[in-house]
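S.K.: Quick one: structure below, then a few questions.
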Amino acid sequence: MKEFDYYIYIDYSENLIGYAIIEKTKFKDLLPKITRFAHYKELKQKSSYIHKIRNKNQNMEIYLDVFEFLKNHSNCIIFISIDNHEYSNFIKFVKIIEGNKVVIKKESQLLKGTSEYQASLVLDTILNIERLKENNA
């Protein structure tokens, strides 16, 4: 597995968009915990997983947050996973930044069983939980 300085995940669930930025050291700490999602309720540092959840129509705000992060960490090697439906829009947006040190993958390109895939499932699950809360409210 290639190591990155940061792992960024952007995902959608119906009308919600969310993202997580995970530092390499925290990513390694989270890996053993994400094989099961039961620990999420007890997790004291939920911010390790997710930074923001917004309505889907606020995706530009999420993109700007990620853009700002990339700009401030230009000396880092960064992995980004993006939802398949937004990949083409996002790739155009990121090309504004020097992309030599940024690897962008569609969510469907993540290989099952890899740590990147497992981490993407966490964000997906959290978005689904939030969506269900909204639907039941």
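S.K.: Output the residues belonging to the range 1-17 that are crowded, with 21+ Cβ neighbours inside 10 Å, in contact with an Asp or Glu (Cβ under 8 Å, 6 or more places away or on another chain), of a type outside the set (A, V, I, L, M, F, W, C) and under 17 Å from Leu70 (Cα atoms).
M.R.: Within the range 1-17, just Tyr7 meets the criteria.
S.K.: Another one. Scan the range 27-77 for residues that are at pLDDT 80 or above and either more than 14 Å from the chain's Cα centre (by Cα) or exposed (fewer than 15 other Cβ atoms within 10 Å of the Cβ) (or both) and jot them down.
M.R.: Matches in the range 27-77: Met60, Glu61, Leu64, Glu68, Lys71, Asn72, His73, Ser74, Asn75, Cys76, Ile77.
S.K.: Quick one: Val103 ticks every box in (1) in contact with a helix residue (DSSP H, G or I) (Cβ under 7 Å, 6 or more places away or on another chain); (2) closer than 20 Å to Lys24 by Cβ except a single one, so which number is it?
M.R.: (1)
S.K.: Would you confirm whether or not the range 13-25 contains a residue that is at pLDDT below 85 and aromatic (Phe, Trp, Tyr)?
M.R.: Checking the range 13-25: not a single residue is at pLDDT below 85 and aromatic (Phe, Trp, Tyr).
S.K.: Within the range 78-101, identify whether any single residue is surrounded by fewer than 16 Cβ atoms within 10 Å (Cβ to Cβ), in a loop (DSSP other than H, G, I, E, B) and either touching a His at 6+ places or on another chain (Cβ under 7 Å) or at pLDDT 85 or above (or both), and answer yes or no.
M.R.: Looking for residues that are surrounded by fewer than 16 Cβ atoms within 10 Å (Cβ to Cβ), in a loop (DSSP other than H, G, I, E, B) and either touching a His at 6+ places or on another chain (Cβ under 7 Å) or at pLDDT 85 or above (or both), one finds none in the range 78-101, hence no.
S.K.: Which residue pairs have Cβ atoms closer than 7 Å, lie 6 or more positions apart in sequence or on different chains, and pair a first residue in the range 108-137 that is outside any helix (DSSP H, G or I) with a second residue that is not acidic (Asp, Glu)?
M.R.: Close Cβ pairs (under 7 Å, with a partner that is not acidic (Asp, Glu)) amount to Leu110/Ser81; Leu110/Tyr117; Leu110/Ser120; Leu111/Tyr117; Thr114/Met1.
The values are calculated or read from the model by the stated rules, or taken from the named source; none is laboratory data. Note that the coordinates shown come from a computational prediction; the quantities given were computed from them, not determined experimentally. Positions of Cβ are generated from backbone atoms using ideal geometry, with glycine treated the same way; all protein chains shown enter the neighbour counts.
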